[in-house]
Amino acid sequence: MKNQPFPKRFSYSLQGIRTAWQLEASFRFQSLMAVGVMALLVVLRPPAIWWALLLLNCGLVLAAELFNTALEHALDHLHPEIHPAIKISKDCAAGAVLVFSLTAVGTFLAFVWSMAVRTPWPR
């Protein structure tokens, strides 16, 4: 699998995203939230820093969701029975998604507050 041409590696990436979309309700939900955030950015046209912060958070949440999905599927394949060490791994991965999601919600709330009170960004 190493040293494949870029188009081949890119297709593997798209397949991973497609698979996560098909199999994981959480990934679909997070993706739709990201689309909603992007739509809001287009409509409100905030300063570029908000675009960067919100899109970065959306990307981090989706990436964490993909890592979590990959880990869950690999561990379930390797050891289908319940095992305490595997439970810890899966719970920690889910916890990482939660941390990124809470950070994204906090950033979004700061954005909404900024737009509501029209706080100018310090220059």
- Cleavage-rule hits (GluC sites (Glu not before Pro)) in the range 49-123: DSSP loop, at most 15 neighbouring Cβ within 10 angstrom: GLU81
- Query: Ignoring ligands, DNA and RNA, what percent of the 1.4 Å accessible area of the chain is carbon and sulfur?
  - Reply: 72
- Expected unfolding gain across ALA74-PHE6 under the 0.36 nm per residue rule, minus the alpha-carbon gap, is 22.0 nm
- Query: Using a 1.4 Å probe, what is the accessible area per residue for the range 16-123, in Å²?
  - Reply: 67
- Query: Which of GLY16, HIS73, TRP113 sits closest to the plus end of the dipole of the chain, meaning its Cα is farthest towards the positive end, when Lys and Arg get +1 and Asp and Glu get -1 on the C-beta?
  - Reply: TRP113
- Which whole-angstrom value gives the distance between the alpha carbon centres of the range 78-100 and the range 27-47? 29
- Task: Return the aspartates and glutamates within reach of LYS87: Cα separation strictly under 18 angstrom, same-chain partners fewer than 8 residues apart disregarded; answer none if there are no such residues.
- Result: GLU65, GLU72, ASP76
- Message: At 7 Å along Cα-to-Cβ for each site, give me the label-to-label distance between LEU40 and TRP113 in nm.
- Response: 1.4
- Looks like the range 1-76, by Cα gyration tensor root eigenvalues a ≥ b ≥ c and the a/c under 1.5 rounded cutoff (else prolate when a/b is bigger than b/c, oblate otherwise), is prolate
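The values are calculated or read from the model by the stated rules, or taken from the named source; none is laboratory data. All of these numbers come straight from a predicted model, not from anything done at the bench. Ideal geometry is used to build each Cβ from the backbone, glycine not excepted, and the neighbour counts take in all protein chains shown. Quick note on the areas: whole protein, heavy atoms, side chains included, nothing else; ligands and nucleic acids left out. Shrake-Rupley method; radii C 1.70, N 1.55, O 1.52, S 1.80 Å.
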